[in-house]
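The values are calculated or read from the model by the stated rules, or taken from the named source; none is laboratory data. Predicted model, so just to flag it, every value in this text is computed and none were measured. We place every Cβ from the backbone using ideal geometry, glycine too, and count neighbours over all the protein chains shown.
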Amino acid sequence: MHRSSFDKMRAFRDAYLGEHRHAPLSILDVGSTAVAAATESYRPLFEAPPWQYRGLDIAPGPNVDIVPCDPYRWAEIPDASVDVVVSGQAFEHIEWPWLTIREIARVLRGNGLAAIVAPSAGPVHRFPVDCWRYYPDGMPALASFAGLGVVENHWSEGYAYPDCAFWGEAFAVLQRPAAGAASPADCAGNAAPAAASVLAATPSRDATARREAELLAQLRPFALRRQLLAETLRRAWFILRSPVGRLHRF
């Protein structure tokens, strides 16, 4: 997991869930496998009682509590039973993300929130496949398909996280309509009417943009420019020494 992803999810937690710290929220992490180490997950952000954190992925592994029989139909999770869904660095690896976002809409309670982070650039990194990069309209399009509202939609273009400067990230906070409000997922017969969450209808709090502004204010301009220049020179050296047939777009 990128450091930027963990930091943005923490900003989401503090901005949108902080006032519900003592409510028994049900939190589902989609694509939860800790790839490199057991600490590389969102669990430390969301596991403190009375919150209940569960990790879902397509295969058993570190930080995985639920392995659905069908990756696009989570029969193990009832309709409208989850308050918060989080997902980081998973949606680029999902072959049919429109089906996954519809499952997220199905399991969310009314007013439930989903926070999703996915790359907007970067090289191929299969796990086991690598299918997508998300531009500014990507997350809103998925939300519209599933009948979710867009609370916050942020697309990183700057250098608030220098170690991830050549990746970039899309971050979205989505919300299921309140109980009793129809959505396209409901009308299609793919979800039950949403039982109410303790969460309320939520205006944007610009959590990610505010966090990036804080980090940019703390950066040392010379150190950042030196780091970016070093990476640019590394790429230039690759171009100069490689046969034309081995050159590829970055």
Just one of Pro162, Pro97, Pro128, Pro193 is of a type outside the set (Phe, Trp, Tyr), at pLDDT below 95 and closer than 19 Å to Ile77 by Cα; which is it? Pro193
Confirm whether Ala15 is at pLDDT below 95 and either assigned to a loop (DSSP other than H, G, I, E, B) or crowded, with 16+ Cβ neighbours inside 10 Å (or both). no
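Would segment 131-139 turn up any residue that is over 20 Å from Phe12 (Cβ atoms) and not in a loop (DSSP other than H, G, I, E, B)?
Looking for residues that are over 20 Å from Phe12 (Cβ atoms) and not in a loop (DSSP other than H, G, I, E, B), one finds none in segment 131-139, hence no.
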Can you pull out the residues in segment 42-61 that are out of contact with any helix residue (DSSP H, G or I) (no Cβ under 9 Å at 6 or more places or on another chain) and in a loop (DSSP other than H, G, I, E, B)? Glu47, Ala48, Pro49, Pro50, Asp57, Ile58, Ala59, Pro60, Gly61
Confirm whether Leu45 is touching a Lys or Arg at 6+ places or on another chain (Cβ under 6 Å), in the same structural domain as Ala201 (by TED's automatic domain parsing) and within 29 Å of Gly168 (Cα to Cα). yes
Count of segment 35-61 residues which are more than 18 Å from Ile116 (Cβ to Cβ) and crowded, with 17+ Cβ neighbours inside 10 Å: 1
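Residue-by-condition table, conditions (1) surrounded by 10 or more Cβ atoms within 10 Å (Cβ to Cβ); (2) without any contact (Cβ under 8 Å) to a residue 12 or more places away in the chain; (3) within 23 Å of Asp7 (Cβ to Cβ); (4) not assigned by TED's automatic domain parsing to the domain that holds Glu152:
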{"residue": "Glu212", "(1), (2), (3), (4)": "yes, no, yes, no"}
{"residue": "Arg226", "(1), (2), (3), (4)": "yes, yes, yes, yes"}
{"residue": "Glu231", "(1), (2), (3), (4)": "yes, no, yes, yes"}
{"residue": "Ala236", "(1), (2), (3), (4)": "yes, yes, no, yes"}
{"residue": "Ile239", "(1), (2), (3), (4)": "yes, yes, no, yes"}
{"residue": "Ser242", "(1), (2), (3), (4)": "yes, yes, no, yes"}
{"residue": "Arg246", "(1), (2), (3), (4)": "no, yes, no, yes"}
Restricting attention to segment 90-125, the residues that are within 19 Å of Phe166 (Cα to Cα) and either surrounded by fewer than 21 Cβ atoms within 10 Å (Cβ to Cβ) or out of contact with any helix residue (DSSP H, G or I) (no Cβ under 7 Å at 6 or more places or on another chain) (or both) number exactly 11
Mind checking which residues of segment 74-89 are surrounded by 24 or more Cβ atoms within 10 Å (Cβ to Cβ) and among the aliphatic types (A, V, I, L, M)? Val82, Val84, Val85, Val86
Quick one: how many residues across segment 62-92 are at negative phi and assigned to a loop (DSSP other than H, G, I, E, B)? 18
Flagged in segment 63-73 as surrounded by fewer than 17 Cβ atoms within 10 Å (Cβ to Cβ) and not hydrophobic (A, V, I, L, M, F, W, C), in numbering order, are Asp65, Pro68, Asp70, Tyr72, Arg73
